[in-house]
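Values quoted throughout were computed directly from the atomic coordinates according to the rules given, and no laboratory measurement underlies them. Given the structure is predicted, the values throughout are model-derived calculations rather than measurements. Cβ: placed from backbone, ideal geometry, glycine included. Neighbour counts: every protein chain shown.
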Amino acid sequence: MTDKLTHFSDSGRARMVDVSAKSDTRRVAIASGVLRMQAATLQRIRSGQIAKGDVLTVADVGAVMAAKRTPDIIPMCHSIALSGVEIEFGEINEPDAQGCVGIKVLATTSCVGQTGVEMEALTAANVALLTIYDMCKAIDRGMRIECVQLEEKRGGKSGVWKRGDTK
């Protein structure tokens, strides 16, 4: 790991990092996040009883669209030709301290290129969760997004990193 922040020039100005000297490699990033909600809300999502439609299908499409548009909303992010975006949803049926259950999203992005796809995975995970919130807010305004984080990245000079690694 480097101590230097690469998105700043020597004079302290924000900049897009020049990746032209890097080799193309296969790159993969996995990000996750959780949306906590009332059990009744999760049941309505599960049974297709949300008035706005199939919540997880719409969230899947929104996540893919967001991954593709990441450089439009993250100022120093490179435009990347994504080769894949995969979204998975899982239920959290064990209530937390507030009695809320949840939906966990796992967003996997991949490309062959000169820079990683971590921002695309994180953006996809966030937009999937925000889409679920948007579609269900009329019945559960107390939902909360938690723990959006990078789980793993592969490729490039730094190789593999997994959450929990000490390096």
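What relative contact order, as a whole-number percentage, does the chain give when Cα pairs under 8 Å and 6 or more residues apart are counted?
37
Result for the chain in a Gaussian network model with C-alpha springs under 10 Å: among 45, 145, 73, the largest mean-square fluctuation is at 73. The local environment of residue 107, defined by Cβ-Cβ distances under 13 Å, has a net charge of -4 under the rule Lys, Arg +1 and Asp, Glu -1. The candidate values are (1) 10, 34, 30, 17, 7, 0; (2) 11, 39, 36, 13, 1; (3) 11, 45, 39, 5, 0; the one derived from this structure for P(r) over Cα pairs in 10 Å bins from 0, in percent carries the label (1).
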